[in-house]
Amino acid sequence: ICWLRSAHILVNTVILRVNGERLDSNMNGVTLSNVKKRGTKANSRKHRSVFLPGEDQPDMGAMKRFSTLFSSFRGKISKDRTGKEPDLPASTELSHVEEKAKEQRYASGQFFFEYLVVVRPKKTKDGIYEPQIIYQFPKKDGMVRFQKEEEEKTLKALTLFCFPEGVNWAPLSEYPSETFSFVLTDVDGTRKNGYCRRLLPDGKGARLPEAYCIISNLACFGLFSKIFDEVEQRRKFSMAMIYPFMQSLRESAFPAPGHTVNIKSFIPERGTEIISLTRPTDSWLEHVDFRTLFKCLSDEEVLQVFAATVLERRIIFIADELGTLSQVIHAVAVLLYPFIWQHTLISIVPEILIDVVMAPTPYLLGVQKSLADQATDQTELLVVDLSEGRKETFIKCMGDEDTILPHKLKDEIKQALSAKNEKSSLEELNRVVPEAFLPFFIKTVGHFAKYIVRKGKDQRGEFQRTNFCKAIESKSTRRFVKTFVQTQMFDLFIQEMEQRPASQDGTGLFDKKIAEYQKRMREKAKKN
């Protein structure tokens, strides 16, 4: 009870963007939608209540409110973190009409970002270093009191994720730059993506690192990494040089998949430059980088992690680098496509929240190695060490991870993954990896549409679960599917398919891939 009281204020406020989101059917972009989560197993098929993304299902007992108290957390930290922020560089004032138009554009998801903040550890009266915001762009004026208070609480909460290690900091003379990401989920279900670059500012002697954090409604890790490169270049001259670049960026429309936006910017000694930012064509893969996952783990180890994730188990990843943790967890979650992880997912667990490892429900957590001893004393979980020079990859496991997936299908995934190598580019991996894992779900549950029965064209469908499982010929595959259909990610997927208008059947990316596979099987049968 004690740890629940202390931890529930923040758990699930940092959730991967795919948690509770559904990628749109034509895959031209990523859209958030309210999702329905099942209630107790006894009534999940009869009584379905709508829950906001980020909420837990009613049968969670004490965990029920775990993900809905972000505001309480922000209120708590705002009491004792009141660091003064420096004034921003002067800016051109906008008229009321122009400002309103810009706000409407951002509300529609067209702006690149909402905030850029710079966080740095500052020494307190107690002699410890506490991360505080030293710079914010833009500052919003004209807000009523409660809006301003909420904004301040949100911004101060970000400091924990920029420096999740807590107060254990001291001036450094060397520190490697690293980029990582997280997602905040508020009590109303809205999500904000956080992108951070932590680095040691230019100077001589020991000094404190800084974290540059961009908050956006948009999810595109590669694009924001390039933006950080430009921010870092301007920071070498002065903080004021960052302002005009970010102003131009914020006023630009976020490009459609495969398109480019050009930003005009000035840097001393280099003059005016045109910076091109291109969004990847495959928008559902633009937030992940598979290179880190396959650099840290062998194909066999990735498959064991995938198997445990498919069955919604508790999984903890251990690493020294924040970027490694966030990139690996994002990549593992994307392997589940077209299904979505529906439980707690925190790519980087702040030290203050380490007790979340005690949660009895499924989770995907990233824990820094310095906190590993506090995170690995639980039972019935998979602990994956991503560190270089590790003695073993699986510090803890259930013991059956290599037997969960049907043997034949597992071998097919490994064979498909052999098309990559250590020198494979990001673009090559974005092609090879989905082509390796997506067929697994096509061959196990790709016949789901035949078992959604509708009484009328515009009527809600009803999934025939028993007949669906019986239709599978392979005994090992049927055994796996009988377990998989009990997961929350499958239940949510089927609920959405039941509610989808009949006119949209067969229009999604997964539907099209299923149709292509079935066509190949028919042609193969004719030849034989």
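The values are calculated or read from the model by the stated rules, or taken from the named source; none is laboratory data. Because the structure is predicted, anything quoted here is derived from the model rather than measured. We place every Cβ from the backbone using ideal geometry, glycine too, and count neighbours over all the protein chains shown. Please note that ligands, DNA and RNA were not included when accessible areas were found on the heavy atoms of the full protein model with its side chains. Shrake-Rupley method; radii C 1.70, N 1.55, O 1.52, S 1.80 Å.
Only Lys, Arg, Asp and Glu carry charge here, each on its Cβ (+1 for the first two, -1 for the last two); on that basis segment 438-525 has a dipole of about 400 debye about its Cα centre.
Determine, from the Cβ-Cβ distance of S225 and E269 and an R0 of 22 Å, the FRET efficiency 1/(1 + (r/R0)^6), rounded to the nearest 0.05.
Values: r = 24 Å, r/R0 = 1.09.
Efficiency, rounded to the nearest 0.05: 0.40.
All other residues with a Cβ under 13 Å from the Cβ of P268 taken together, and with Lys, Arg as +1 and Asp, Glu as -1, what is their net charge? My count for the surroundings of P268 gives +2.
Placing +1 at every Lys and Arg Cβ and -1 at every Asp and Glu Cβ, with all other atoms neutral, what dipole size does segment 290-416 have around its Cα centre, in debye to the nearest 20?
280
Taking R0 as 56 Å, what's the FRET efficiency between K236 and Q504 from their Cβ-Cβ distance, rounded to 0.05?
0.65
Accessible surface for segment 385-448, divided over its residues, is 55 Å² per residue with a 1.4 Å probe.
Ignoring ligands, DNA and RNA, what percent of the 1.4 Å accessible area of segment 204-315 is carbon and sulfur? Carbon and sulfur atoms account for 50 percent of the accessible area of segment 204-315. Among the listed pairs K153/K369; K420/K513; K125/K236, a Cα-Cα separation exceeding 24 Å is found for K153/K369; K125/K236. The HN-Hα couplings worked out from phi for segment 218-223 by the Karplus form 6.51 cos²θ - 1.76 cosθ + 1.60 (θ = phi - 60°) are 9, 10, 7, 4, x, 5 Hz, whole numbers, x standing for Gly and Pro.
Counting only protein heavy atoms and using a 1.4 Å probe, the accessible area of D411 comes to about 70 Å². Once you have a ≥ b ≥ c as the square roots of the Cα gyration tensor eigenvalues for segment 112-279, tell me rounded if a/c is under 1.5, and otherwise prolate or oblate according to whether a/b is larger than b/c. Taking the square roots of the gyration eigenvalues as a ≥ b ≥ c, segment 112-279 is oblate. Stretched out straight at 0.36 nm per residue, the stretch from S425 to A449 would grow longer than its current Cα-Cα span by 5.1 nm.
Computed with a 1.4 Å probe on the full set of protein chains, the accessible area for S248 sits at about 40 Å². A Förster radius of 60 Å combined with the Cβ-Cβ distance from K123 to S418 puts the calculated FRET efficiency at roughly 0.70. For segment 168-274, chymotrypsin sites (Phe, Trp or Tyr not before Pro) are listed when DSSP marks them as loop and at most 15 other Cβ atoms sit within 10 Å of their Cβ; the list is F237. Ranking M358, A308, I413 by how far each Cα lies toward the positive end of the dipole of segment 290-416 (charges on Cβ) leaves I413 at the top.
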